[in-house]
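Let me begin by presenting the structure, written as structure tokens, before commenting on it.
The values are calculated or read from the model by the stated rules, or taken from the named source; none is laboratory data. These figures come from a predicted structure and were not determined experimentally. Counting neighbours? That spans all protein chains shown, and the Cβs are built from the backbone with ideal geometry, glycine included. Only protein heavy atoms, including side chains, enter the accessible area calculation; ligands, DNA and RNA are left aside. Shrake-Rupley method; radii C 1.70, N 1.55, O 1.52, S 1.80 Å.
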Amino acid sequence: MSGTLDLQDLRITLGDRRLVDLSLAIPAGGTLTIMGPSGAGKSTALAAITGTLAPAFRLSGRILLNGRDITHLPTRARSVGLMFQDPVLFPHLSVGQNLAFGLPAHVCGQTARTARIAAALASAGLDGFANRDPATLSGGQKARVALLRTLLAEPCALLLDEPFSRLDTDLRDQIRRFVFDRAAAAGIPTLLVTHDADDARAAGGPVVDPLGKPLPL
Amino acid sequence: MTDAAAPGWLRLVPPLTLALMALPVAAGLAGTALPAFRDGAAAFATLAAWPGLPRGALLSLGTGIAATLLSLTLTLLILAAFAGTPTFARIRRLIAPLLSVPHAAAALGLAFLIAPSGWIARALSPWATGWQAPPDLLILNDPWGVSLTLGLVAKELPFLLLMALAALPQIDADRRLATAATLGYGRIAGFAFTTLPALYAQLRLPVYAVLAYGMTVVDMAMILGPTLPPTLSTQIVLWMGEASLGQRDTAAAAAVLQFALVLAAIALWRLAEVAGRRLLISIAVRGHRHCALDRPAAGAARLAAAITGGSLILGLAGLALWSVAGLWQFPDALPENLSLRTWAGAAPVLSETMALTLAIAAAATLAALALSLGCLEAEARFNLTPTHRALTLLYLPLLVPQVAFLPGLQGLALAAGLDGDALAVAAAHLIFVLPYVFLSLAGPFRAWDRRIAISAATLGASPAAIFWRLRLPMLLAPVLTASAVGIAVSVGQYLPTLLIGGGRVETLTTEAVALSSGGNRRLIGAYAVLQMVLPALGFGLALLIPGQIWRNRRDMRGVA
């Protein structure tokens, strides 16, 4: 099952409350949205996939990525890229250094690394931004840099945790298109978590609630 | 919420408090510098003629820098390896009790542990070492200052950990670490590359305080440090104790030199910070994930935490055991019998000394509490924002070495006829107690829910009523914790007590240090135990009282 994010009977409970019950597969290049109001278990599902679930939760089932069982691996070993609500750019690094932090070490040599970063910035309409202080960027620019950093790390799957909710309405469409185009181009499965039906529509793929029920849009 | 009806004097509390911090330090420095330069360069010439000078100065630099580097590295290692894990919760519970142990008690405990006739040697003898008598080894007071450095690390590690814990939430550490982890970085590398630069910016002042303290500590150096020659600061105090005026001028000259050494060390440290930051970023952008570091680093962190925590706890247990030991011959691991003879015999002196220690601590702590609360309330009522400069001023008494300005302050106290007065000693303690009380109180005070004040004001409550009837009662637990911190700091003060008290105000700490050169381990143990008991009682009450008062108020529990 190459390139697939596969949730097999993934059930998460807190006490006797069932928060997550998902059986689904997202193919390479495909997108799926988990939608629901806050507190409904969306973030819990996401935490289970990134490996940051608090010990109080009970998890059963399996999470497979490219056929590899990652259910109990530490976050760093999962090859799962994550975009938060906020871009979480590191304020002590320049924009280019933030991207270099994401770029794996197998791209070696300063020239090659600088070139890769310049190309990535140019492809996002951020030509010449490498030496900028992240604090001077607009919200939309920060979001683009954060996505570039996540994708440069060559993840096997992309998770989006309400990445558009903090953006101004007029920017949101533009960034949504940017993110989903990039995710599709990367050819990896993308999982979006949101409470906003517009996000889900833009994502394109199927939409379910945290308990696995398909939702109409 | 600016309030025109607030009393005018409240506005004066913050500048008054800062003046109370800065003026004694400035006056003391001037008072130290004046006699040093009285006879032109004569005092410095005498100082230069002291054969121990190069070594004493190097020891001050070496032990101070080594202790700071080690404590900081171990602090960061423990945070990087364990933040957010169950191990960390265990370490965290140890911080406050270890922090409340006075430096002198910690040093005495360590001395009883590692001395040739100490607990470790006894535990290993004769079956492993073959020793029937204490070996002739210079472990304590070793000429390189190794045992002094270790003693300092054991005390400064908990301090830096506490400061770092307070800073972590402010820099959004959790999400930075999570981002590094999803990018595939190991724990250690992720922490160092994404969180350390911001964390260090918050830790800088505490680190400088540790550096200044480590270079100039006297009580620990008298117990654990080298003797021939001693560290420069110890020699200063020895000279101060001599009757002749010439020696005092030499001491003043040495204090000026010591101050210059501390400034030079801080400048050097600052340069190293800049270089270290550059190096860190240049490694970060290469993209290596360094996951292989995690396992050995976690092992090292666990070992470091166990050794520092363990040596302090074992040392203190050893002190307590000695205070009730009957016959305890080398190489027995435990005394043959227990007896309360030491305690009974020394009870009158002990209780008198303890009462005086407590009275001084209470006076200094109460004054510090009043000033801190006044500052914070003024800040809230007049919408003041504390500037960076004000914060540095607050740290001033912790950054300027005691040994550099207390001699001058002693001269002023002498001139005013105040030396040897317990109240003057309490006033000197206030200079060191206030920063800690303020730092401990400021966080909870500022975090208090302002909506409560607004709803009370709409009900017609005056600002004074809001402070006395709402804010202060709700902040009972943090106020008591800050008081316990203040008492612990005051009980631990050695140099201010010795110098301002002119040797006539005897507290548990000055007595314990004075006894340390003699051989009466049982009496030393008794003094050291009391030294620990006072702060421990304070922290215990700070936990118990709010629990009792709020036992029927669920939302007030866990407010610390």
statement: When B:GLN258 is run through (1) assigned to a helix (DSSP H, G or I); (2) in contact (Cβ under 8 Å) with a residue 24 or more places away in the chain; (3) more than 13 Å from chain A (Cβ to nearest Cβ); (4) open to solvent by 50 Å² or more (accessible area, probe 1.4 Å), the failure sits at (4)
Number of the condition not met by A:ASP21 [criteria: (1) part of a loop (DSSP other than H, G, I, E, B); (2) more than 13 Å from every other protein chain (Cβ to nearest Cβ); (3) touching a residue at least 60 places away in the same chain (Cβ under 8 Å)]: (1)
field: Subset tally (residues that are in contact (Cβ under 8 Å) with a residue 60 or more places away in the chain, of a type in the set (Lys, Arg) and within 14 Å of another protein chain (Cβ to nearest Cβ)) for the stretch B:285-334
entry: 1
message: With the requirement that a residue be assigned to a loop (DSSP other than H, G, I, E, B), open to solvent by 20 Å² or more (accessible area, probe 1.4 Å) and at the interface with chain B (Cβ under 8 Å from one of its Cβ atoms), what does the stretch A:78-101 give you?
response: A:SER79, A:PHE84, A:ASP86, A:PRO91, A:HIS92
- prompt: Which numbered condition trips up B:ILE307, out of (1) open to solvent by less than 60 Å² (accessible area, probe 1.4 Å); (2) of a type in the set (Val, Ile, Thr); (3) out of contact with any strand residue (DSSP E or B) (no Cβ under 6 Å at 6 or more places or on another chain)?
  reply: (1)
query: Could you list, in sequence order, the residues of the stretch B:514-560 that are of a type in the set (A, V, I, L, M, F, W, C) and open to solvent by less than 30 Å² (accessible area, probe 1.4 Å)?
result: B:ILE524, B:ALA526, B:ALA528, B:VAL529, B:LEU530, B:LEU534, B:ALA542
field: Every pair of residues 6+ apart whose Cβ atoms lie under 6 Å, when the first sits in the stretch B:182-194 and is within 8 Å of another protein chain (Cβ to nearest Cβ) while the second is part of a loop (DSSP other than H, G, I, E, B) and open to solvent by less than 10 Å² (accessible area, probe 1.4 Å)
entry: B:THR194/A:PHE90
message: Here are the criteria: (1) in contact (Cβ under 8 Å) with a residue 40 or more places away in the chain; (2) open to solvent by 40 Å² or more (accessible area, probe 1.4 Å). Tell me which single one B:LEU279 does not satisfy.
response: (1)
- line: When (1) acidic (Asp, Glu); (2) at the interface with chain A (Cβ under 10 Å from one of its Cβ atoms); (3) out of contact with any helix residue (DSSP H, G or I) (no Cβ under 6 Å at 6 or more places or on another chain) are applied to B:GLU273, the one that fails is (2)
task: For B:LEU162, state whether it is open to solvent by 20 Å² or more (accessible area, probe 1.4 Å), touching a helix residue (DSSP H, G or I) at 6+ places or on another chain (Cβ under 7 Å) and at pLDDT 85 or above.
output: yes
Meets criteria (within 8 Å of chain B (Cβ to nearest Cβ) and open to solvent by 60 Å² or more (accessible area, probe 1.4 Å)) for A:PRO104: no
message: Restricting to the stretch A:137-171, and then to whatever is more than 16 Å from the chain's Cα centre (by Cα) and in a helix (DSSP H, G or I), can you tell me which residue is farthest from the other protein chains (Cβ to nearest Cβ)?
response: A:ASP170
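Which one of B:PHE112, B:PHE88 is within 14 Å of another protein chain (Cβ to nearest Cβ) and either touching a Phe, Trp or Tyr at 6+ places or on another chain (Cβ under 8 Å) or in a helix (DSSP H, G or I) (or both)?
Unique residue meeting the criteria: B:PHE88.
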- request: Could you list all residues from the stretch B:367-392 that are open to solvent by 50 Å² or more (accessible area, probe 1.4 Å), touching a residue at least 60 places away in the same chain (Cβ under 8 Å) and assigned to a helix (DSSP H, G or I)?
  value: B:LEU391
- line: The lone condition A:THR75 fails out of (1) under 21 Å from A:LEU160 (Cβ atoms); (2) free of Cβ contacts under 8 Å to residues at least 24 places away in the same chain; (3) at the interface with chain B (Cβ under 9 Å from one of its Cβ atoms) is (2)
statement: Residue hits (the stretch A:151-180; open to solvent by 10 Å² or more (accessible area, probe 1.4 Å) and either closer than 30 Å to B:HIS288 by Cβ or of a type in the set (A, V, I, L, M) (or both)) are A:LEU151, A:LEU152, A:ALA153, A:GLU154, A:PRO155, A:CYS156, A:ASP161, A:LEU167, A:LEU171, A:PHE178
task: For residues that are surrounded by fewer than 23 Cβ atoms within 10 Å (Cβ to Cβ) and modelled with pLDDT of 90 or more, scanning just the stretch A:33-45, find the one that is farthest from A:ILE70 (Cα to Cα).
output: A:MET35
